[in-house]
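Structure, as C-alpha cells:
The values are calculated or read from the model by the stated rules, or taken from the named source; none is laboratory data. Just so we're clear, the structure is a prediction, and the values are computed from it rather than from any experiment. With ideal geometry, Cβ positions are generated from the backbone for all residues, glycine too; neighbour counts draw on all protein chains shown. Keep in mind that these areas ignore ligands, DNA and RNA; they rest on the heavy atoms of the full protein, side chains included. Shrake-Rupley method; radii C 1.70, N 1.55, O 1.52, S 1.80 Å.
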Amino acid sequence: MDSPTVLCSTTVYQCWNSAKRLLKSHNYCVKTASSGYTAIKILEETPVDAVLLEYKLDGMDAEAVACHIKQRFPTLPIVLLSAYSEMPERILWLVDEYVMKSELPERLVPIIERATHPHRLPPRSSKQCERRGAVA
C-alpha cells in the first residue's frame with residue numbers, strides 16, 4: 001500500500017520543515033509549496049490525500065486557496081495551520097480541521113490520519129461539529 005501524500009503549503013521554512021519531518025517519520029509522503037499559487041499548481045499536477053494549509057500565505061491568501069481547492073477537488077481534506085487561536089468563521093467552513101502551530105507536534109499526525117483515513121477512526125464529536133456550525 002502506498003503512503004498517503006500530504007501537500008504542506010506554508011511560507012515559514014521552519015514550520016514546513018518541522019511538519020515534513022514529523023509526517024515523514026509516520027510514513028507520509030510530503031510535498032511542499034511556498035505559496036498558494038505553487039500549492040494550486042502542485043494539486044493540478046500531482047494527486048495528494050490531504051493539504052496542510054497555513055493561514056498566512058504569501059501572494060494568495062489561505063481562504064482563496066481553500067476555496068479553489070474545494071471547488072476543484074471537493075473531497076480533498078484541508079487542514080488549516082495557524083498561530084492564531086481564533087479564526088474567521090468563513091475560513092473554518094472551507095477546511096476540515098484546524099490546528100495551531102503550538103499544537104503541531106502533538107496534534108498534527110492524528111489530524112492528518114483522520115483526514116487521510118476517515119473510515120478507520122470514529123466520527124467527529126458533536127463539539128467539533130458545533131465549532132464548524134454543523135449538527136452532529
Requested in this report: State the percentage of accessible surface on region 67-113 attributable to carbon and sulfur atoms; use a 1.4 Å probe and exclude ligands, DNA and RNA.
Outcome: 57
Query raised in the report: Straight-line reach from LYS70: which lysines have a Cα under 16 Å away, not including same-chain ones fewer than 8 places off?
Result: LYS41
Report summary line: The aspartates and glutamates whose Cα lies under 14 Å from the Cα of LYS56, excluding any fewer than 8 residues away in the same chain, are GLU86
Query raised in the report: Between TRP93 and LYS70, how many nm apart are label points set 7 Å from Cα along the C-beta direction?
Result: 0.7
Query raised in the report: For region 1-69, what is the accessible area per residue in Å² when the probe is 1.4 Å?
Result: 50
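Pulled fully out, how much extra length does the chain show between HIS26 and GLU44, if you take 0.36 nm times their separation in residues and subtract their Cα-Cα distance? Could you put the intermediate results ahead of the total?
On the way: separation 18, 0.36 × 18 = 6.48 nm, distance 2.54 nm.
That pair, HIS26 and GLU44, stretches by 3.9 nm at full extension.
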Report task. Check each of the GluC sites (Glu not before Pro) in region 1-95 and keep only those in coil by DSSP with at most 11 other C-beta atoms within 10 angstrom; list them in order. Result -> GLU86
